[in-house]
Amino acid sequence: MLLIDCPHCGPRDENEFHYGGQAGIACPTGDVTDEQWAAYVFMRDNPKGWFHERWFHVHGCRTWFTVERHTVTHEIRKP
Amino acid sequence: MRFTFDGRPMTGEPGDTLAAALLRNGVRVVGRSVDLGRPRGIFTAGPEEPNALVRVGADPMLAATTVELHDGLEAHSLRGKGRVDLDAVDERRCDKGYLHCDVLVVGGGPAGLAATLAAGRSGARVILVDDQPRLGGDLLNSRLLLDGAPALDWVAGLDLPARVLTRTTAVGYYDHNYVVAVERRARGERLWHIRARRVVLATGAHERSLAFPGNDRPGVMLAASARAYANRYGVRAGRRAVVFACADSGYEAARDLVAAGVDVLAVVDPRPSGLPADVEVLAGQVVTGTTADEEGVLTGVQVGVRHFDADLLAVAGGWNPAVHLFSQSGGRTRFDEELAAFVPGTSAQAERSAGACRGLYATREAIADGYAAGAEAAGRTVPDLRVPECDERISRRPAALWLVERAPGSEPAFADLHRDVAVADLAMATATGMRSVEHVKRYTTAGTGADQGKTSGAVVVGVMSALLGAAPGQVGTTTFRPPYTPVSFATLAGRDRGALSDPVRTTALHDAHVALGAVFEDVGQWKRPRYFPRDGEDMEAAVRRECHAARTAVAAMDASTLGKIDIRGADAGEFLDRVYTNMYSTLAVGACRYGVMCGADGMVFDDGTTTRLADDHYLTTTTTGNAAPVLDWLEEWRQTEWPDLDVSLVSVTDHWATVAVVGPRAREVIAVVAPEAVELAFMRYASVPVLGVAGRVFRISFSGELAYEVNVPWRYGRALWEAVLELGVVPYGTETMHVLRAEKGFAIVGQETDGTVTPQDLGMGWIVSKRKPDFVGRRSHSRPDTARPDRKRLVGLLADDPEALVEEGAQLTAAGVAPMLGHVTSSYHSAALDRTFSLALARNVTPGDRLTAVSGDMRQPVTVVEPVFYDPDNTRRDGDPLPEARVAYRGDCRAESPAAAFADRFEAVSTPRVRLREVPFVSMWEVRGTDPGTGLRLGPDWWLVSGDVPPRPGWVDVSGQRTVLELAGPAAYDVLITGCPIDLDPSVFPGHAQTLLARTSVILERLPPETYRIYVRSSFAKYLAEWLIDALEAS
Ligand SMILES: [Zn+2]
């Protein structure tokens, strides 16, 4: 059970949150190729190591925020 | 204390474990081994026991060394494997608890006690857990003197500044210092979830055996265990003993056994020189075999050519630091050559081992290390902590001996007693080429028993290192996984069983449905009436009757479960334009529009109607199952992509109770219950009195018939439903709703769709705006895959046999052979069509095509048709005109709070220590954006205002959305921590928080000093009320 630090509520158990996947994926605008669009919809990084990811405090303040988590040790630090 | 073992009556002493009591009664054979059926005796005095496994009541397998004796206990021996007694009644009431601390100390031996003292005195919040009924750890088993007095006097003199949990075994160490522990309580176990800022592991060490021929006979026991039985329980494990001392602790055991009156014949020490002792010491020698009587019980010990008539062989094979929790925490162990054991190496979490579990076995060393670990964990050193004097001798380096060579024809030498794995089995594994200890474990099953290899792990590694000619450190250990000791499923389930196994949502109308004999189905967590059988009807008959009423007269359904989202702000229309495929910014005030929402991948995600209540105010409905995901999804886009839009979202799902009134004569009902809405046009909305209270009526139809969705605040929901039924309206359930909508070809998200279906696939290209510049998923609709012409599309099917119900999920083929062209998504009997019909998704088919539906052995010829089976021209949606003037409802509209039915039960379970009640009819508003200067702050720009306050413009009335339950009294905190994972300690808890209680979302507010208000979604109120009643009964 990870302990995730919500910017509004402070540290809470992981099961108060929903996972939001990789952070910093901008929705492309304007004319985009099929490949660019598919990359936005389907492709995400999956690194071994530090990873910027989004969490949603669904059972708390309902804030979306970003944390940096190490995918091997689960260590979390604020980005 | 009287007890029975395999039906034989025996007596024991208070404080005995079952194992101690069995030894006291002279029991040598306690069971048979799992594989070979060899007789086995008690081998240890703790949780590492591999042999003495027993069934006690409903517990199929417990180590007799961990079972506290109680009067009337009935134990049964096992053959290595647990056996469930199906007749046993499990009367335990297990539960959970959540604790938080600065420092968690695991283990109440010398090191753990010292760490607790040091950390607690520095002001840290400390929790100490220990698995024994009394603190002291190995001091309980010894005759050591501390400062010249019995060691337990030192323990008793400690004033521990900590929450101390005895009989509590830490079984799992998870991420972010989350430790799970099992407390054995009289009524049943409690599973503690402990979140610690720092952890001190003081878990001690386990003595190990070694592999020599005949080492599994009843009568062979670990030396420290024999010593523990003598010192702690006053029980002699034998009369004539030989001690096999690979470590100096064997000499201490020999001395204590002599003191207990055991005739110790010899100490066998494989090291070149022995220690001075009062008994014969055979240095440089090993035990080479054992003899037994016809029952297999030890009668003698062979040391080379010497034979000793002995009934006890006490083996001191050396010590293994109990690194289980350390290893579970992610820490890496290393092999210490000096100690000949694996010890903690690199830590992975905020944790530190202290004392014997890191190889500091001497009592004074352990205490000093405990002080240091406690101070380090608390971040502050405390003066005046003194290490007491101790009469312990310094131990020499143990013999790194794992294996005694076996002469041909002699008894097997066992490495793992529980799994019956002998040295020969390990040799076979390495001979086949296995080098990894993990492979050998899986091949031989060594270490996979109930004891998880606590006595065998080191022996297996040692034997493998001998077989492979490698150092033990190179062989390494297998992974230590939770739980440290077996945990019963009853413990893990706690109170989450039966009616409380999963949170349940009910509507304001629920009790009325129960009274009508509704058959319910689960839709997500909701209980929804599926149908309302009358006079022994089965589902088919009931649904036929309900459908007939809706198509020919008037019927009503509880539609309260549909998700409802209140959307406000200057950009609300723009926001909706971006998340739905069609337009909302152009919708007239007072009008409703049906919409489909797609994911970024262009696939249908949800559907529902949205109504414009005012220029900057909409109400969106979602499907029942998707209410929460849709709100989360909208919130994601609002916060992360379009933070510049002026829009706010508030769930009002539970605030409103909704009754759908459906059928050509529906207008007659509206004329009575909401007369001002009787002239409402199709897809229009009116804010009008309903039964005289402020309500909302929408003319929306999901059946093709004249239909109204009538909304009143939760508290009036039941009165509305009963008023409607009093008019002779036929209640119907979800099954009828499904048939009615399918007859009209309306898809259901999650039934016709599965995340791979676009609106175009459903034949709903008309709902996808071509005018809007963008909406979520738009670009995906022109991806090559979504735009290709041969996608599966929604079609209708009619079976050749009008009575045959094609199975949902059946595959569609051209002639009963591959390829699959699609599958059946919905299939029903239709009263209106007087036959069966189906909806399906299929590719490359057109109406008139002949297909075969295949499901299991069933082959059903079907014809493809258009998916609208009933009233394709929508001639029925305006229903019948009002035949005559109706008299408006004149009864009173009774208000009922969500937990009203619980008042008596709340009263009955309340005690002076904790009182439970509902605070009914609290006015509440959610406020977004600007700080109202009052109420509870729920989020960065989100408040809940409650009570007797004049509402301001923009506040969303959510008085029905939540129910307020109040828990008060000195034990309220103790009840809450059994279901609420956050830190409720008054020194930390901020006064209110949104969190989970009993797995439901709540706002918890503390009214000092000891009253708590729980604001729970009204649909969960019944479930939470039951949970709280159960908790109070258990407390
Ligand atoms: Zn939060």
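Laboratory data are not the source of any read-out in this text; all were calculated from the coordinates shown. Just so you know, these numbers come straight off a predicted model, no measurement behind them. Every residue, glycine as well, gets a Cβ built from its backbone with ideal geometry; the counts of neighbours run over all protein chains shown.
Evaluate the distance, in nm, between pseudo-label points positioned 7 Å from the Cα of B:Val817 and of B:Ala901 along their respective Cα→Cβ axes. Once both label points are built, they end up 5.9 nm from each other.
The DSSP beta bridges internal to chain B are antiparallel in roughly 80% of cases. Computed from the C-beta positions of B:Arg791 and B:Ala499 and an R0 of 35 Å, the FRET efficiency is 0.20 to the nearest 0.05. For segment B:1-89, what does the alpha-carbon gyration tensor say about shape, rounded, prolate or oblate, given a ≥ b ≥ c as the root eigenvalues, a/c under 1.5 as rounded, and a/b over b/c as prolate? Verdict is oblate for segment B:1-89.
Length gained on full extension, B:Leu158 to B:Glu74, computed as 0.36 nm times the residue gap minus the Cα-Cα distance: 26.6 nm. Think of it as helices only: each DSSP H run of n ≥ 4 in the protein assembly as shown is worth -39500 (n - 2.57), and spread over all residues that comes to -5500 deg cm²/dmol at 222 nm.
Label separation (B:Ala681 vs B:Arg8): 9.3 nm, computed from points 7 Å beyond Cα along the C-beta direction. Here the spin labels are modelled as points 7 Å beyond Cα on the Cα-Cβ line, and at B:Ala804 and B:Arg332 they lie 6.6 nm apart. Between helix B:717-726 and chain B, what is the angle of the helix's C-alpha long axis to the longest principal axis, kept within 0 to 90° and rounded to the nearest 10? So the helix axis and the longest Cα principal axis differ by about 50 degrees.
Once you reduce segment B:590-632 and segment B:269-346 to the center of their Cα atoms, the two points are 71 Å from each other. Applying 1/(1 + (r/R0)^6) with R0 = 51 Å to the Cβ-Cβ distance of B:Arg134 and B:Thr934 gives a FRET efficiency near 0.45.
Charge tally for B:Thr4 (other residues, Cβ to Cβ under 13 Å; Lys, Arg +1; Asp, Glu -1): 0. Mean per-residue shielding of peptide A:9-16 is 6, counting Cβ atoms of other chains within 10 Å of each Cβ. For the protein assembly as shown, taking a cut-off of 4.7 Å between Cβ atoms, the unpaired cysteines are A:Cys27, A:Cys61, B:Cys94, B:Cys101, B:Cys246, B:Cys357, B:Cys390, B:Cys547, B:Cys592, B:Cys598, B:Cys893, B:Cys980.
Applying the Karplus relation 6.51 cos²θ - 1.76 cosθ + 1.60 with θ = phi - 60° to segment B:642-659 yields 3J(HN,Hα) values of 10, x, 7, 6, 8, 7, 9, 10, 10, 6, 10, 3, 8, 5, 9, 9, 10, 10 Hz, where x marks Gly and Pro. Each residue of segment B:521-531 was assigned a 3J(HN,Hα) from its phi angle through the Karplus curve 6.51 cos²θ - 1.76 cosθ + 1.60 (θ = phi - 60°); the sequence is 10, 8, 10, x, 8, 6, 9, 10, x, 8, 7 Hz, with glycine and proline shown as x. Compared with the dominant principal axis of the Cα atoms in chain B, helix B:734-743 is inclined by about 50°.
Compute the acute angle (0 to 90°) between the alpha-carbon long axis of helix B:110-121 and the principal axis of greatest extent of the alpha-carbon atoms of chain B; round to the nearest 10°. So the inclination is approximately 50 degrees. Computed over segment B:402-475, relative contact order equals 32 percent, with contacts defined as Cα pairs under 8 Å that lie 6+ residues apart. Under a 5 Å amide H cut-off, with hydrogens placed 1.01 Å from N, B:Ser353 pairs with B:Leu201 among residues at least 5 apart or on other chains. Note that segment B:751-757 has calculated 3J(HN,Hα) couplings of 10, 7, 10, 9, x, 10, 10 Hz, one per residue in order, obtained from phi through the Karplus relation 6.51 cos²θ - 1.76 cosθ + 1.60 (θ = phi - 60°); glycine and proline are x. Here the relative contact order of chain B, from alpha carbon pairs under 8 Å that lie six or more residues apart, stands at 9 percent. Taking 31 Å as the limit for the C-alpha separation, the pairs B:Lys96/B:Lys441; A:Lys78/B:Lys1022; B:Lys770/B:Lys792; B:Lys744/B:Lys792; B:Lys96/B:Lys1022; A:Lys78/B:Lys772 exceed it in the case of B:Lys96/B:Lys441; A:Lys78/B:Lys1022; A:Lys78/B:Lys772.
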